[in-house]
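The values are calculated or read from the model by the stated rules, or taken from the named source; none is laboratory data. All values derive from a computational prediction rather than experimental measurement. Neighbour counts run over all protein chains shown; Cβ positions are idealised from the backbone, glycine included.
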Amino acid sequence: MMGERTVMQESLFYGFSLERHVPSDHMLRKINRFVDLSGMRAHMQPYYSEIGRPSIDPELMIRMLLVGYCYGIRSERRLCDEVHLNLGYRWFCRLGLDGDVPDHSTFSKNRHGRFRDSDLLRHLFETVVARCVAEGLVGGEAFAVDASMVVADAYRQSGVKSSSELAPDSNRAVKEYLAVLDDAAFGGATPVEPKLVSPTDPAARWTAEAGGPAVYAYADNYLIDLKHAVIMDVEPTTAVRQAEVRAAKTMIDRTAERLEIKPSRLAADTGYGSAEMLAWLVDEREIEPHIPVFDKSNRSDGTFSRADFAYDNERDVYVCPAGQDLQKYRRAFSVPRLGVTKANTVIYRASQRDCGACALKTKCCPNALARKVPRSGYEAARDKARAIAKTDAYAVSHRERKKVEMLFAHLKRILRLDRLRLRGPSGAKDEFLLAATAQNLRKLAKLIPLPAPITAA
């Protein structure tokens with residue numbers, strides 16, 4: 001017999017426990033153990049007035065933002081609707097059943113004011129990283145660095161030829177761009193002017209990935225610990241390699257300063273294998289570079305490459321395949337010369353007499369009177385990187401370096417941060433910090449199990 005639900009008159013009182021309705025294995029319940037906002041009020045106190053109406057609790061806004069970035073809810077309007085309806089979100093935000101959800105405009109007002117003035121999101125991110133360290137998820141020995149391009153919120157078919165065509169007061173993103181024109185992470189990263197400049201977000205670089213369409217984009221730079229792929233630092237830059245290399249230095253120094261953690265080795269791809277970067281790691285920071293050397297000296301025309309010439313460190317000469325010396329100078333000068341070019345290289349030259357009589361000349365310098373070999377001023381660091389590349393430890397670093405690429409895949413596919421919603425360098429910084437915080441919190445929730453429930457004897 002088909003049953004029929006009897007519709008009863010609504011009860012006057014309900015016995016309802018929000019705590020009981022959130023499953024014990026819910027992700028937010030696991031994450032909640034590691035969200036420590038106890039020091040946030042003291043951090044934000046100078047940015048609030050002592051008089052006037054009470055503001056929206058900043059802890060509520062931060063918890064709502066964490067919900068949004070953990071679950072890929074990008075729109076703040078939608079986030080407010082979801083928190084209003086979802087019992088798990090209400091429990092995490094400590095709203096109860098009848099707590100009011102703030103209006104979406106509250107986030108914009110605080111983001112452009114107190115949050116950025118106090119650098120609150122950086123403070124939140126570093127608090128979570130410190131918790132990862134305390135829980136033993138950070139080894140502190142091996143780091144990896146990489147960058148990924150994230151499309152900016154700018155129409156790709158709209159652009160001007162030069163920044164001089166921008167109206168200085170047109171929008172907030174233009175004002176920010178003009179303020180960072182000399183910043184090494186943005187305008188000062190490279191003297192090369194982009195083909196187009198976006199009038200809505202000019203700090204975003206007109207660029208393209210291999211085989212993809214040209215878009216306006218920022219670079220999201222990650223420095224991670226290789227033990228459990230915890231994100232140690234994050235930095236937004238314009239999408240050019242020079243800015244990404246400088247960001248790597250900034251993140252390594254900031255991690256050493258604020259967390260007192262300095263790696264013994266750094267893994268990265270060839271883009272970070274410039275001579276200057278390798279010298280900075282080896283000589284200034286004493287970090288082993290597990291990085292392929294960026295080297296364009298190999299020739300493809302069948303003639304000898306620079307690698308075919310052996311360097312004699314004691315005599316400071318190169319020895320060619322025929323056994324002849326290539327020297328910096330072949331006569332003495334009354335005033336000693338360093339012989340360093342503007343490109344910070346030293347040129348070693350063979351004797352015309354040796355080359356002219358050499359049987360290997362057609363394979364060495366068929367179109368020149370004598371062979372020349374340049375040596376970088378940072379060649380010692382490059383040689384050390386080449387030697388490290390032959391070790392088993394380098395093979396391990398090369399394999400584990402893929403962890404940072406997996407984090408970027410998670411960022412774009414799971415957290416849905418494949419396109420920015422906020423504009424300007426500050427907007428990119430806010431989104432990247434919140435996303436990295438969410439990734440670290442999810443890592444903590446996954447690797448640190450919930451304590452076993454205590455049962456009565």
Response to the item:
Per the filter on region 317-352, residues at pLDDT 90 or above and charged (D, E, K, R) are Asp325, Arg349
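Would you check if there is a residue in region 237-251 being part of a strand (DSSP E or B), crowded, with 17+ Cβ neighbours inside 10 Å and in contact with an Asp or Glu (Cβ under 7 Å, 6 or more places away or on another chain)?
Step one: filter region 237-251 for residues part of a strand (DSSP E or B), giving 237-238.
If we keep only those that are crowded, with 17+ Cβ neighbours inside 10 Å too, we end up with 237-238.
Now narrow it down to the ones that are in contact with an Asp or Glu (Cβ under 7 Å, 6 or more places away or on another chain): 237.
Yes: region 237-251 contains one or more residues that are part of a strand (DSSP E or B), crowded, with 17+ Cβ neighbours inside 10 Å and in contact with an Asp or Glu (Cβ under 7 Å, 6 or more places away or on another chain).
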Worksheet item: Can you tell me which residues in region 344-359 are assigned to a loop (DSSP other than H, G, I, E, B) and surrounded by 11 or more Cβ atoms within 10 Å (Cβ to Cβ)?
Response: Asn344, Ala350, Ser351, Ala357, Cys358
Worksheet item: Looking at region 192-214, is at least one residue outside any loop (DSSP other than H, G, I, E, B), farther than 24 Å from Ala385 by Cα and touching an Asp or Glu at 6+ places or on another chain (Cβ under 7 Å)?
Response: no
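For every residue, the table says whether it meets (1) touching a Lys or Arg at 6+ places or on another chain (Cβ under 8 Å); (2) over 30 Å from Asp153 (Cα atoms); (3) of a type in the set (Phe, Trp, Tyr); (4) at pLDDT 90 or above.
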| site | (1), (2), (3), (4) |
| --- | --- |
| His43 | no, yes, no, no |
| Gly52 | no, yes, no, no |
| Ile56 | no, no, no, no |
| Arg63 | yes, no, no, yes |
| Leu95 | no, yes, no, yes |
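Take the conditions farther than 28 Å from Leu447 by Cβ, free of Cβ contacts under 8 Å to residues at least 12 places away in the same chain and not assigned by TED's automatic domain parsing to the domain that holds Pro191 and apply them to Ser75. Does it pass? It would help to see each step written out before you state the result.
Details: farther than 28 Å from Leu447 by Cβ: yes; free of Cβ contacts under 8 Å to residues at least 12 places away in the same chain: no; not assigned by TED's automatic domain parsing to the domain that holds Pro191: yes.
The answer is no for Ser75.
Is at least one residue of region 272-284 of a type outside the set (A, V, I, L, M, F, W, C) and either crowded, with 21+ Cβ neighbours inside 10 Å or assigned by TED's automatic domain parsing to the domain that holds Pro191 (or both)? Talk me through it step by step, then tell me what you get.
From region 272-284, those of a type outside the set (A, V, I, L, M, F, W, C) are 272-274, 276, 283-284; that's our starting set.
Those still in the list that are either crowded, with 21+ Cβ neighbours inside 10 Å or assigned by TED's automatic domain parsing to the domain that holds Pro191 (or both) too: 272.
The answer is yes; a qualifying residue exists.
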Discussion item. Going by what's in this entry, would Phe309 be described as touching a residue at least 60 places away in the same chain (Cβ under 8 Å), closer than 20 Å to Arg382 by Cα and either surrounded by 13 or more Cβ atoms within 10 Å (Cβ to Cβ) or over 38 Å from the mean Cα position of the chain (by Cα) (or both)?
Written reply: yes
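Taking region 312-327 as the region of interest, how many residues are part of a strand (DSSP E or B) and without any contact (Cβ under 8 Å) to a residue 24 or more places away in the chain? Step through it out loud before you land on a result.
Quick first cut of region 312-327, residues part of a strand (DSSP E or B) only: 312, 317-319, 325-327.
Now narrow it down to the ones that are without any contact (Cβ under 8 Å) to a residue 24 or more places away in the chain: 312, 319, 327.
Counting residues in region 312-327 that are part of a strand (DSSP E or B) and without any contact (Cβ under 8 Å) to a residue 24 or more places away in the chain gives 3.
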Item to complete: Give the number of residues within region 269-301 that are outside any strand (DSSP E or B) and touching a Lys or Arg at 6+ places or on another chain (Cβ under 7 Å).
Response: 8
Discussion item. Scan region 383-406 and tell me whether some residue there is acidic (Asp, Glu) and under 30 Å from Lys328 (Cβ atoms).
Written reply: yes
